[in-house]
Amino acid sequence: MTELLKGPDRDAALAELEAAGWAHDTDRDAISKTYRFKSFVEAFGFMTRAAFWAEKLNHHPEWSNVYNRVSVVLTTHDVNGLTELDLRLARKMDDLAGV
């Protein structure tokens, strides 16, 4: 089972993600971000590429798409909070989005 992030490693990871535009929801111990693209096709393409990575990591986001925007929430439901899986998927999504 994946373990909750704790201590200095957690603080450093959250600081890194917040600097990249992610927000921390302390009530859910989740991170969220909205990506904006030039068109629906680009947004949908991003979601498709991210879906392959989510499946590879066996860690699936909560997300929605409206035209050129994709809103993402990441948390690990099995442990009710943030884990290394969330960090890995967040970083991969930023890479895929060209952030």
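In the set 7, 45, 98, 21, which member is modelled with pLDDT of 95 or more and at positive phi?
21
Which one of these is of a type outside the set (Ser, Thr, Tyr) and in contact with a strand residue (DSSP E or B) (Cβ under 6 Å, 6 or more places away or on another chain): 43, 50, 12?
Checking each option against the conditions leaves just 43.
The rows are residues; the columns are (1) closer than 12 Å to residue 72 by Cα; (2) touching a Gly at 6+ places or on another chain (Cβ under 8 Å).
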residue: 5; (1), (2): no, yes
residue: 15; (1), (2): no, no
residue: 31; (1), (2): yes, no
residue: 38; (1), (2): no, no
residue: 41; (1), (2): no, no
residue: 50; (1), (2): yes, no
residue: 57; (1), (2): no, no
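Can you name the residue in the stretch 16-40 that is of a type in the set (A, V, I, L, M) and crowded, with 19+ Cβ neighbours inside 10 Å and is also farthest from residue 82 (Cα to Cα) among such residues?
The selected residue is 17.
Please identify the pairs in which a residue from the stretch 39-51 that is free of Cβ contacts under 8 Å to residues at least 24 places away in the same chain has its Cβ atom under 8 Å from the Cβ atom of a residue that is of a type outside the set (Phe, Trp, Tyr), counting only partners at least 6 apart or on another chain.
From the stretch 39-51, the pairs are 44/65; 47/65; 47/70.
If you take the residues in the stretch 74-99 that are of a type in the set (A, V, I, L, M), out of contact with any His (no Cβ under 9 Å at 6 or more places or on another chain) and closer than 21 Å to residue 12 by Cβ, which one is surrounded by the most Cβ atoms within 10 Å (Cβ to Cβ)?
The qualifying residue surrounded by the most Cβ atoms within 10 Å (Cβ to Cβ) is 93.
In the stretch 53-81, which residue that is assigned to a loop (DSSP other than H, G, I, E, B) and touching a strand residue (DSSP E or B) at 6+ places or on another chain (Cβ under 8 Å) is nearest to residue 3 (Cα to Cα)?
Going through the qualifying residues, I end up with 75.
Looking at the stretch 24-40 only, could you name the residues that are modelled with pLDDT of 95 or more and either out of contact with any strand residue (DSSP E or B) (no Cβ under 9 Å at 6 or more places or on another chain) or assigned to a helix (DSSP H, G or I) (or both)?
Matches in the stretch 24-40: 38, 39, 40.
The values are calculated or read from the model by the stated rules, or taken from the named source; none is laboratory data. These numbers were taken from a predicted model, which means no experiment stands behind them. As a convention, Cβ positions derive from the backbone with ideal geometry for all residues, glycine included, and neighbour counts pool all protein chains shown.
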